[in-house]
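Novice: One structure coming up, written as structure tokens, with questions to follow.
Bear in mind that the values in this text are calculations on the coordinates, not laboratory data. Fair warning: this is a prediction, and the values are worked out from it, not measured in the lab. Don't worry about glycine lacking a Cβ; one is built from the backbone with ideal geometry, like all the others, and counts go over all protein chains shown.
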Amino acid sequence: MSARRRAGLQDKWKYVFDSLESIIPVYERGSSMISLFSDREMRSEAVAFAVKRDGLVLDLGSGPGTMAASATRAGGDVVLLDASRKMLGAASGENRVQAVFEHLPFRDSAFEGVIAGFSLRDSMDLVLAVAEVRRVTKAGGRFSFCDLGKPESFGKAVALGFYIRAVVPLIGAVSGGRKGLGFSSLYETYLLTLTNGSLVKLLSGYFSSASITERRLGGSIVVRCVA
């Protein structure tokens, strides 16, 4: 990524957004296969860190509500937020809000916890999104997410890029036929994703602490932040 380019999808956001909406019927199955079935464990780790019983929790980029369901089981009072009305329509629960990450329609310090499952990478402007997450998180509150990662090692980054570009579309086709081909947009996302080290550095500028656990050569990450 160019040093002059601001972190986030920027002008690629609409393309990725449309691709995600096109794969809603097969989103969960395909995402699980692409993560080599580690998605459930990763979501559980993020929820365990950020969700307190009876605490108000924001699920950022909730999609069809898979992570929100986990947070609810953990005792959280969950608000689902997604830019896609179609994604929210596939989710259950009364507290569903349509909005983008860069302009969260909540008061300051509204949430004790914020979680995100494979969605933060889809921010139009990652810096603004992180700033907004910190704004709505109470002091001492927690933000945790699992996502696609990009390792510092050039060799590992190239290997993961090959997997995403060549193998992910095949997995998408197997999991969802023609609809599953929409997963090919993940490569565009990967190209614009910050390296894991750069991501932690960005988060550390807004949160009192930020740490990362890497899996799959650094291609899968769980991040934990304390406000």
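Novice: Using the Cβ atoms and a cut-off under 13 Å, what net charge is assigned to the surroundings of residue 12, where Lys and Arg are +1 and Asp and Glu are -1?
Specialist: Here the count lands on -1.
Novice: Would you check segment 10-226 for Lys pairs whose C-alpha atoms are within less than 16 Å, ignoring same-chain pairs closer than 8 in sequence, and give me the count?
Specialist: Close lysine pairs found across segment 10-226: 4.
Novice: Please return the longest range in the chain lying between exposed loop sites, taking GluC sites (Glu not before Pro), DSSP loop only, at most 13 other beta-carbon atoms within 10 Å, and leaving the sites out.
Specialist: 1-93
Novice: With r defined as the distance between the Cβ atoms of residue 108 and residue 44 and R0 fixed at 22 Å, what FRET efficiency is calculated, to the nearest 0.05?
Specialist: The pair residue 108/residue 44 has a calculated efficiency of 0.15.
Novice: For a footprinting-style exposure proxy, rank 101, 143 by other Cβ within 10 Å, fewest first.
Specialist: 101, 143
Novice: Of the options 30, 50, 101, report the single residue whose Cα projects farthest towards the positive end of the charge dipole of the chain (beta-carbon charges: Lys, Arg +1; Asp, Glu -1).
Specialist: It is 30, whose Cα lies furthest towards the positive end.
Novice: Pulled fully out, how much extra length does the chain show between residue 213 and residue 18, if you take 0.36 nm times their separation in residues and subtract their Cα-Cα distance?
Specialist: 67.2 nm
Novice: Now, a different point. If each residue's Cβ is checked for other Cβ atoms within 10 Å, how do 39, 147, 18 rank with the fewest at the top?
Specialist: 18, 39, 147
Novice: State to the nearest 20 debye the size of the charge dipole of the chain about its Cα centre, where the only charges are +1 on K and R beta carbons and -1 on D and E beta carbons.
Specialist: It comes to approximately 320 debye.
Novice: Tell me the relative contact order for the chain as a rounded percent, counting alpha carbon contacts under 8 Å between residues six or more apart.
Specialist: 24 percent
Novice: Still on this structure: Would you mind telling me the antiparallel percentage of the DSSP bridges in the chain, rounded to 5?
Specialist: 45 percent
Novice: What distance in nm separates the two pseudo spin-label positions at residue 85 and residue 32, each 7 Å out from Cα along the beta-carbon direction?
Specialist: So the two model labels end up 3.0 nm from each other.
Novice: Check each of the trypsin sites (Lys or Arg not before Pro) in segment 124-222 and keep only those in coil by DSSP with at most 14 other C-beta atoms within 10 angstrom; list them in order.
Specialist: Sites meeting the loop and neighbour criteria: 178.
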